[in-house]
Amino acid sequence: METNTSYDPSFAREVFENVDSGEEIKMCMQCGMCAASCPLREHMDYPPRQIFSMIRAGKRDMVLNANSIMMCTSCYTCQVRCPRGIPVIDVMHGLAHYAISKGILTRKDTAVFGREFWQQIYKTGRIDEKDLSRRYFFADGIITGIKKSLQMARMGIIMLLHGRMKILPEKKIKGIKSLRSMLDKAMQTGKGGSEV
Ligand code: SF4
Ligand code: SF4
């Protein structure tokens, strides 16, 4: 991936003002606990500590194009260990939302997964594993979809056998209206949904 590595001195302020919990990174003391704790650090372009450092250094394109900001699984490991109590997850997700709002999408399949997850929860209050997987696998086209489906076929069979995936579509939960009200509220406050 080719990214512009130029320095944008206004980027830190842009993050503080526009990214969810962006101002919290002012408290980061670069101890590296989040990076050391993250189970996905080896797959990330840059771990959270480095992302926060690059924001301060004005590396706008590198940060917004980093796969890291779309890779966080909200496992909370970094967040509970951060000595400064920084909401690392909110910042990472906030950066992902901000990048998407600027037309930057480094991991399309992740965005598709988030969107489909949200839509299914909104529709029925449950996740239909087979439907979610199908949409996620085929997000990058038929060939990729077939490859991913074959790779995960064994897992799918095991899930079926253990009742973790159903053949019939999922039914709506009882309190679907209440759940939708909460999700609508989350959308209004900018803490929900996924735009691709
Ligand atoms: S653990 Fe907290 S203070 Fe340490 S580098 Fe990460 S975000 Fe910064
Ligand atoms: S919450 Fe995200 S950034 Fe933090 S350790 Fe887990 S995956 Fe890594």
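Can you work out which of the residues in the stretch 58-85 that are of a type in the set (D, E, K, R) and under 19 Å from D8 (Cα atoms) is nearest to ligand 2 (Cβ to nearest atom)? Walk me through it before giving the result.
Narrowing the stretch 58-85 to residues of a type in the set (D, E, K, R): 59-61, 81, 84.
When the remaining residues are screened for being under 19 Å from D8 (Cα atoms), the result is 59-61.
Working: K59: 18, R60: 20, D61: 21 Å.
So, considering only residues that are of a type in the set (D, E, K, R) and under 19 Å from D8 (Cα atoms), the one nearest to ligand 2 (Cβ to nearest atom) is K59.
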Looking only at residues that are crowded, with 19+ Cβ neighbours inside 10 Å and at pLDDT below 90 in the stretch 97-110, which one is farthest from S181 (Cα to Cα)?
T106
Return the residue satisfying two criteria in turn: it lies in the stretch 66-96 and is crowded, with 19+ Cβ neighbours inside 10 Å and part of a loop (DSSP other than H, G, I, E, B), and of such residues it is farthest from ligand 1 (Cβ to nearest atom).
A66
If I filter the stretch 117-126 for residues that are buried (at least 21 other Cβ atoms within 10 Å of the Cβ) and either closer than 23 Å to A139 by Cβ or among the charged types (D, E, K, R) (or both), do I get at least one hit?
no
Scan of the stretch 86-102 for residues that are near ligand 2 (Cβ under 10 Å from one of its atoms) and of a type in the set (A, V, I, L, M, F, W, C), ordered by number:
V88, I89, V91, M92
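Yes or no: the stretch 7-20 includes at least one residue that is part of a loop (DSSP other than H, G, I, E, B), within 14 Å of ligand 2 (Cβ to nearest atom), surrounded by fewer than 19 Cβ atoms within 10 Å (Cβ to Cβ) and not hydrophobic (A, V, I, L, M, F, W, C).
No, the stretch 7-20 has no match at all.
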Looking at K147, K171, K166 in this structure, which one is closer than 23 Å to M70 by Cβ and open to solvent by 100 Å² or more (accessible area, probe 1.4 Å)?
K147
In the stretch 29-60, the residues that are more than 18 Å from H97 (Cβ to Cβ), open to solvent by 20 Å² or more (accessible area, probe 1.4 Å) and touching a Phe, Trp or Tyr at 6+ places or on another chain (Cβ under 9 Å):
Q30, S53, R56, A57, K59
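The values are calculated or read from the model by the stated rules, or taken from the named source; none is laboratory data. Fair warning: this is a prediction, and the values are worked out from it, not measured in the lab. Quick reminder, even Gly has a Cβ in these numbers, built from the backbone with ideal geometry, and neighbours come from all protein chains shown. Please note that ligands, DNA and RNA were not included when accessible areas were found on the heavy atoms of the full protein model with its side chains. Shrake-Rupley method; radii C 1.70, N 1.55, O 1.52, S 1.80 Å.
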